[in-house]
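Student: Can you keep this structure in mind? I'll have questions shortly.
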Amino acid sequence: MASPSPIHPISSPPLASTAGSDQSQPSAATSALRSFINNISNSLSQGFVQRRPWPELVDRSTFSKPESLSDASLRVRKNYSYFRVNYLSFIAAVLAVSLITHPFSLILLAGLLASWLFLYLFRPPDSPLVLFGRTYSGRETLGILIVVSIIVVFLTSVGSVLISALLAGVAVVCIHGSFRTPEDLFLDDPEPAATGFLSFLGNAASNAAAAAAGPAMAARI
């Protein structure tokens, strides 16, 4: 009697898994964006916790004229070390007010930020950018965004608004720091490793962007 022929298993292509991976790309981008926003929010909260009381910043009894330029410079350094978060918060408020009073610049800057976030940083690497029937690779998208950023910042009112607001905020901070006497400040108190408002923001932004968008950027390049 002849032995029965072996039965070979029939394999089908994993259509379901492919479809699931395609559907997981938008959710992965959304979760990466949420993680980025959560890191920024947590870092802002930690930074604001370290701010000094505002009445202490504007106490009139602590103001006096500096004796020399070196004395004013020393005062600015000491006051900035103590009121770092307050000063940076003030500069950020000046920038915000300046942008709000220039709505066209605010719209351009918001559109530029949204373009970087959704067209490059948090866009799935397997979904190329398609505009006007043409497909753009990751490097082409990066080049276009860099050119658009240069145009928006330097060839429109955005750059002048940001620079003027930043210079005004820094000038006010320097004037305040040079006229406030820092003798009553406890500069020897131990501080955390990252005490600056911008250091919190920068670390959170870099860490979240690297964790969320790093693989996507590497896949594009």
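Student: Being assigned to a helix (DSSP H, G or I), hydrophobic (A, V, I, L, M, F, W, C), at pLDDT 55 or above and open to solvent by 70 Å² or more (accessible area, probe 1.4 Å) is the requirement here; does I7 meet it?
Tutor: For I7, the condition - assigned to a helix (DSSP H, G or I), hydrophobic (A, V, I, L, M, F, W, C), at pLDDT 55 or above and open to solvent by 70 Å² or more (accessible area, probe 1.4 Å) - is not met.
Student: Report, by residue number, each residue of region 91-111 that is buried (at least 18 other Cβ atoms within 10 Å of the Cβ), assigned to a helix (DSSP H, G or I) and without any contact (Cβ under 8 Å) to a residue 60 or more places away in the chain.
Tutor: Taking region 91-111 first, the residues buried (at least 18 other Cβ atoms within 10 Å of the Cβ) are 91, 94, 98-99, 102, 105, 108-109.
Narrowing further to those that are assigned to a helix (DSSP H, G or I): 91, 94, 98-99, 105, 108-109.
Across region 91-111, the qualifying residues are S105, L108, L109.
Student: Then there's this: Within region 73-88, restricting attention to residues that are hydroxyl-bearing (S, T, Y) and crowded, with 17+ Cβ neighbours inside 10 Å, which residue is nearest to the chain's Cα centre (by Cα)?
Tutor: By that ranking, first place goes to Y87.
Student: While we're here: Among the residues of region 61-72, is there at least one that is touching a His at 6+ places or on another chain (Cβ under 9 Å), exposed (fewer than 15 other Cβ atoms within 10 Å of the Cβ), at pLDDT below 90 and not acidic (D, E)? Reasoning before the result, please.
Tutor: Filtering region 61-72 down to residues touching a His at 6+ places or on another chain (Cβ under 9 Å) leaves 63.
Still in the running and exposed (fewer than 15 other Cβ atoms within 10 Å of the Cβ): 63.
Checking which are at pLDDT below 90 leaves us with none.
No.
Student: Given the structure, is A165 modelled with pLDDT of 95 or more, in a helix (DSSP H, G or I), of a type outside the set (K, R) and under 30 Å from N38 (Cα atoms)? Break it down stepwise before answering.
Tutor: Working: modelled with pLDDT of 95 or more: yes; in a helix (DSSP H, G or I): yes; of a type outside the set (K, R): yes; under 30 Å from N38 (Cα atoms): yes.
Considered against the rule, which asks whether it is modelled with pLDDT of 95 or more, in a helix (DSSP H, G or I), of a type outside the set (K, R) and under 30 Å from N38 (Cα atoms), A165 comes out as yes.
Student: Now a separate question. Restricting to region 119-162, name every residue that is assigned to a helix (DSSP H, G or I) and farther than 30 Å from L95 by Cα.
Tutor: If the condition is that a residue be assigned to a helix (DSSP H, G or I) and farther than 30 Å from L95 by Cα, then G138, R139, E140 are the ones that fit.
Student: Take region 126-159 and flag every residue that is of a type in the set (G, A, S) and open to solvent by less than 70 Å² (accessible area, probe 1.4 Å).
Tutor: Matches in region 126-159: S127, S137, G138, G143, S149, S157, G159.
The values are calculated or read from the model by the stated rules, or taken from the named source; none is laboratory data. This one's a predicted model, so the numbers in the text were calculated from it and none came from an experiment. Cβ: placed from backbone, ideal geometry, glycine included. Neighbour counts: every protein chain shown. Areas reflect the complete protein model, heavy atoms only, side chains present, ligands, DNA and RNA absent. Shrake-Rupley method; radii C 1.70, N 1.55, O 1.52, S 1.80 Å.
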